[in-house]
Amino acid sequence: MKPRKNNLSAAEITKQVDVKYKKTKRVQFEDGHTIDIEMLFRPSKKDALIVELMELLQSSYEKEKKVDAAVGIGLTIALVVKCFTSLETDAQSCEELLSLIRTLKDGGYLDTILAAFEQTELDSIFNDLKIAIDKVNHGIKLAMQEFETGEESK
């Protein structure tokens, strides 16, 4: 079958997306180490980060571990570093991710890494996260209303 002129194709989309999101910035630290920072975050990677964060928070809740705003922000920053840099890490649990952030901070790397990101991209992650948390909170409120009244919410 002959492709139609100007017809959108998956191959063309892939090519466009790869070009759009391939820009990175290399950060060199005083000790000679380097790290590459993604300058524009793919929406699918942002969504995956938010899902991973929500799963971490759910797991902490189920284990009855304290999760406050500071822990949530720390986990978000750890996931941003993990997902949008070339840093090699196998950190997966809340404890491992928070340890990663402490180690980067204590080593003098974290502030330099965070400063290298485009602020609009970081703002976007936190905005998307706020929207996701608001949806979860709304769902919890509806469930509590249903429980208290014995009726399904509309």
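Nothing in this text is a laboratory measurement; each read-out follows from the coordinates by a stated rule. Keep in mind it's a predicted model, so treat the numbers as computed, not measured. Note that each Cβ is placed from the backbone with ideal geometry, even for glycine, and that neighbours are counted across all protein chains shown.
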I'd like the distance separating the alpha-carbon centroids of segment 90-105 and segment 115-131, in whole Å. 20
Measuring from its Cα centre, segment 43-149 shows a charge dipole (+1 at each Lys and Arg Cβ, -1 at each Asp and Glu Cβ) which, in debye to the nearest 20, is 100
Length gain on complete extension for the stretch Gln119 to Ser44, per 0.36 nm per residue less the alpha carbon to alpha carbon distance? 25.1 nm
Rounded to 0.05, the calculated FRET efficiency for the beta carbons of Thr34 and Lys130 at R₀ = 30 Å is 0.40
Give, in nm to one decimal, the length gained when the segment between Asp106 and Tyr61 is fully stretched (0.36 nm per residue of separation minus the Cα-Cα distance). 13.4 nm
Give me the base-10 log of I(q)/I(0) for the chain at each q in 0.10, 0.11, 0.18, 0.21 Å⁻¹, Debye formula, one uniform scatterer per Cα, rounded to two decimals. -0.50, -0.58, -1.12, -1.38
Return a whole-number percent for the relative contact order of segment 43-149, with Cα pairs under 8 Å and 6 or more residues apart as the contact set. 24
